[in-house]
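Peer 1: Please see the structure below; I have some questions.
The values are calculated or read from the model by the stated rules, or taken from the named source; none is laboratory data. This structure is a prediction, so every number in the text was calculated from the model and none was measured. Ideal geometry is used to build each Cβ from the backbone, glycine not excepted, and the neighbour counts take in all protein chains shown.
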Amino acid sequence: MASLRQTRTDRLLTIRELAQQAGVSPSTIYLVEAGRTRPSFRVIRLLAHALAVEPRSVEEFARVMGSEVGPGKSERS
């Protein structure tokens, strides 16, 4: 499983380019990569789509999905 930064750089994308493709702000990507914020499910979906990866293949996304989805919780939260 690769980090968001590694996945992005493997695809030769800058933060700004990925942000534009995903429709999110560059600061959102920077903060997720730096571990300073947890992405929402919406942001995970947008970034995974722009990177053409399964969300669970990115460390930061898998952590959020694993901790948020469970008994009594929904992926749509």
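Peer 1: When you check residue 45 against the structure, is it under 9 Å from the mean Cα position of the chain (by Cα) and modelled with pLDDT of 95 or more, yes or no?
Peer 2: Against the criterion (under 9 Å from the mean Cα position of the chain (by Cα) and modelled with pLDDT of 95 or more), residue 45 qualifies.
Peer 1: A further question on this structure: Report, by residue number, each residue of segment 1-49 that is β-branched (Val, Ile, Thr) and within 17 Å of residue 67 (Cα to Cα).
Peer 2: 32, 37, 43, 44
Peer 1: Suppose we keep only residues that are part of a helix (DSSP H, G or I), touching a helix residue (DSSP H, G or I) at 6+ places or on another chain (Cβ under 8 Å) and without any contact (Cβ under 8 Å) to a residue 24 or more places away in the chain within segment 22-55. Which one would you say is surrounded by the most Cβ atoms within 10 Å (Cβ to Cβ)?
Peer 2: 44
Peer 1: For segment 10-21, which residues satisfy the criterion of being without any contact (Cβ under 8 Å) to a residue 40 or more places away in the chain and surrounded by 13 or more Cβ atoms within 10 Å (Cβ to Cβ)? Step through it out loud before you land on a result.
Peer 2: Taking segment 10-21 and keeping what is without any contact (Cβ under 8 Å) to a residue 40 or more places away in the chain, we get 10, 12-21.
The answer is 13, 15, 17, 18, 19, 20, 21.
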